[in-house]
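Worksheet: one structure, shown below.
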Amino acid sequence: MRVGTKSVIFGVHSILVHPFFVACAWSSLYGFPWDPRLWVAFFVHDLGYLTRPNMEGPEGQKHVVLGGRIMGCLFSPEWQDFTLCHSRHWAESVGKRYSKLCLADKLAFVLTPAWLYIPMARLSGELREYMRVSSERQVGGRVSSFELSLLKSRYPQVWLEGLKLYTRRWLEQHRNDSRNCWTEACPQHLQGQILETRS
Ligand SMILES: [Fe+2]
Ligand SMILES: [Fe+2]
């Protein structure tokens, strides 16, 4: 079974776990998600990891496409973009602003406790890839020296704390940026950092 499939079934993108943390995060950021279309997005936005041979490589980065198509077919092109642009990398590649789902997704990562995240990431085989990639992407002063020291650790708990610190800081800086017009064009320099935290 490929790592992407394992991730969606019992890894950090588990369909049984991750959508509920995204819902909690959305509640914290924007209030309770009463719109049922949001709940569909919470459940489908990472389904595209199914069958992917990697999480951070070119195949993994296209994981947004399936969920976007589902939302586009079920609802509207705006909902498709809302789902596609939950990835900062994807949003930047198409010249759009990351969506509110992106912020909720990042906060969901922060909210997921280490005692749950690390065993799931280890069981699915994601952990090694995440630790390798996140420490390789520390360029351009995006990460503080303290965060970097944690990210370079070979201990998963320490590495995870570093990534959560960085993500919390990014969220504080950007939580007011994501306006309702999630499809508006956004210059690349406004997109912020591109250190993805897969969630
Ligand atoms: Fe995702
Ligand atoms: Fe997610």
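Within the range 48-61, residues that are under 12 Å from HIS89 (Cα atoms) and open to solvent by less than 20 Å² (accessible area, probe 1.4 Å) have Cβ atoms under 6 Å from residues that are modelled with pLDDT under 95 and outside any loop (DSSP other than H, G, I, E, B) in these pairs: GLU56/GLU129; GLU56/VAL133, counting only partners at least 6 apart in sequence or on another chain.
Among the listed residues ARG179, ARG122, ARG154, which satisfies the condition of being in a loop (DSSP other than H, G, I, E, B), at pLDDT 85 or above and open to solvent by 80 Å² or more (accessible area, probe 1.4 Å)? After applying the criteria, what remains is ARG154. I'd like the residue in the range 9-68 that is acidic (Asp, Glu) and under 19 Å from SER124 (Cα atoms) and, out of all such residues, is farthest from ligand 1 (Cβ to nearest atom). The selected residue is GLU59. Among the residues of the range 100-130, just one is acidic (Asp, Glu) and within 12 Å of ligand 2 (Cβ to nearest atom), namely ASP105. Name every residue in the range 9-41 that is in a helix (DSSP H, G or I), surrounded by 23 or more Cβ atoms within 10 Å (Cβ to Cβ) and not small (Gly, Ala, Ser), in order of residue number. Selection gives HIS18, PHE21, VAL22, TRP26.
Of all residues in the range 110-158, exactly one satisfies the criterion of being among the acidic types (Asp, Glu) and either more than 19 Å from the chain's Cα centre (by Cα) or over 22 Å from ASN54 (Cβ atoms) (or both), namely GLU147. In the range 71-94, what residues are assigned to a helix (DSSP H, G or I), within 14 Å of ligand 2 (Cβ to nearest atom) and either over 14 Å from the mean Cα position of the chain (by Cα) or free of Cβ contacts under 8 Å to residues at least 60 places away in the same chain (or both)? Hits for the range 71-94 are MET71, THR83, LEU84, TRP90. Only residues that are in contact (Cβ under 8 Å) with a residue 12 or more places away in the chain, more than 13 Å from ligand 1 (Cβ to nearest atom) and out of contact with any Leu (no Cβ under 8 Å at 6 or more places or on another chain) were counted across the range 107-129, and they come to 10. For ALA104, the test of being touching a residue at least 12 places away in the same chain (Cβ under 8 Å), surrounded by fewer than 24 Cβ atoms within 10 Å (Cβ to Cβ), within 21 Å of TRP170 (Cβ to Cβ) and within 16 Å of the chain's Cα centre (by Cα) is failed. Just to verify a result, which residue in the range 85-99, among those that are more than 10 Å from ligand 1 (Cβ to nearest atom) and in contact with a His (Cβ under 9 Å, 6 or more places away or on another chain), is farthest from TYR30 (Cα to Cα)? The extreme case among them is TYR98. Quick one: would you say ARG97 is more than 14 Å from ligand 2 (Cβ to nearest atom), modelled with pLDDT under 95 and among the basic types (Lys, Arg)? Criteria met by ARG97.
The values are calculated or read from the model by the stated rules, or taken from the named source; none is laboratory data. Just so we're clear, the structure is a prediction, and the values are computed from it rather than from any experiment. As a convention, Cβ positions derive from the backbone with ideal geometry for all residues, glycine included, and neighbour counts pool all protein chains shown. Ligands, DNA and RNA are stripped out before the accessible areas are found, and what is left, the full protein with its side chains, is counted by its heavy atoms. Shrake-Rupley method; radii C 1.70, N 1.55, O 1.52, S 1.80 Å.
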